[in-house]
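Written out below as structure tokens is the structure these notes cover.
The values are calculated or read from the model by the stated rules, or taken from the named source; none is laboratory data. Source: prediction; values computed, not measured. FYI the Cβ positions are ideal-geometry reconstructions off the backbone, even for glycines, and counts take in every protein chain you see. Ligands, DNA and RNA are stripped out before the accessible areas are found, and what is left, the full protein with its side chains, is counted by its heavy atoms. Shrake-Rupley method; radii C 1.70, N 1.55, O 1.52, S 1.80 Å.
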Amino acid sequence: MNFVIGEVDRVDATANTVALTDGRTLGYDYLVIASGTTPRPDQTPGMLGSQWRRSIFDFYTLQGSAALATAMQSFDHGRLVVHITDMPIKCPVAPLEFTFLADAWLRERGLRDRGGDRVRDATAGCLHQTGLLHRLGYLLNERKIKLETDYLVERIDVEKSR
């Protein structure tokens, strides 16, 4: 088996070949296309405003993860919402994994149950599309993590969030 990195010009499924932009043609028995995705916070109005990476974070980038880790160190109150604004995303299970990790982290610090719910997972659409809600939804119930369904972020209004 060979691992090849290159830009694809075209795929000929009938001939089981891939033509690369550098002129090479590769034959295949099985073809896996992993085109990936790029986070686009700019497509949600208000997301890149004054609270970007202060109280609104992404965790699919190094910079977003680092900012979130820093913010979590001083998190001592408020509601933590994990939400996917649009599909596709890099890893469908990542929001659920983060939800469970954040829940455990808050519990270890005695912050989880102070003053009501602290973690809400609004990724129901993502979980439903991937079949994970059916398989893993019971874990949310066990941890008393509220799952919000039919939830769509149209825009972020920082002024109303305070």
| query | Roughly how much of residue 79 is accessible, in Å² to the nearest 10, using a 1.4 Å probe? | reply | 140
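Which values, in whole Å and largest first, are the semi-axes of the equivalent ellipsoid of the range 38-89 obtained as the square root of 5 times each eigenvalue of the Cα gyration tensor?
Values: eigenvalues 72, 30, 24 Å².
So the equivalent ellipsoid measures 19, 12, 11 Å along its semi-axes.
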| In whole Hz, what ³J(HN,Hα) sequence does the range 53-59 give by Karplus (6.51, -1.76, 1.60; θ = phi - 60°), x for Gly and Pro? | 6, 10, 10, 10, 9, 10, 10
| For the range 7-64, with every protein chain kept in place, what is the accessible area per residue (1.4 Å probe, Å²)? | 74
| field | Dipole of the range 1-78 [Lys/Arg +1, Asp/Glu -1 at C-beta], most positive-end residue of 70, 31, 17 | value | 70
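Give me the percent of the accessible area of the range 1-83 that comes from carbon and sulfur atoms, probe 1.4 Å, all protein chains in place.
In the range 1-83, the share of accessible area belonging to carbon and sulfur is 53 percent.
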| field | Check: the range 20-63 dipole with +1 on Lys, Arg Cβ and -1 on Asp, Glu Cβ, in debye | value | 220
| message | Through the Karplus equation 6.51 cos²θ - 1.76 cosθ + 1.60, θ set to phi - 60°, convert the phi angles of the range 91-96 into ³J(HN,Hα) values in whole Hz; use x for Gly and Pro. | response | 8, x, 8, 4, x, 5
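Charges at C-beta only: +1 for Lys and Arg, -1 for Asp and Glu. How large is the resulting dipole of the range 1-104 about its Cα centre, in Debye rounded to 20?
Details: 7 positive and 11 negative charges, 61 e Å.
Charge dipole of the range 1-104: 300 debye, to the nearest 20.
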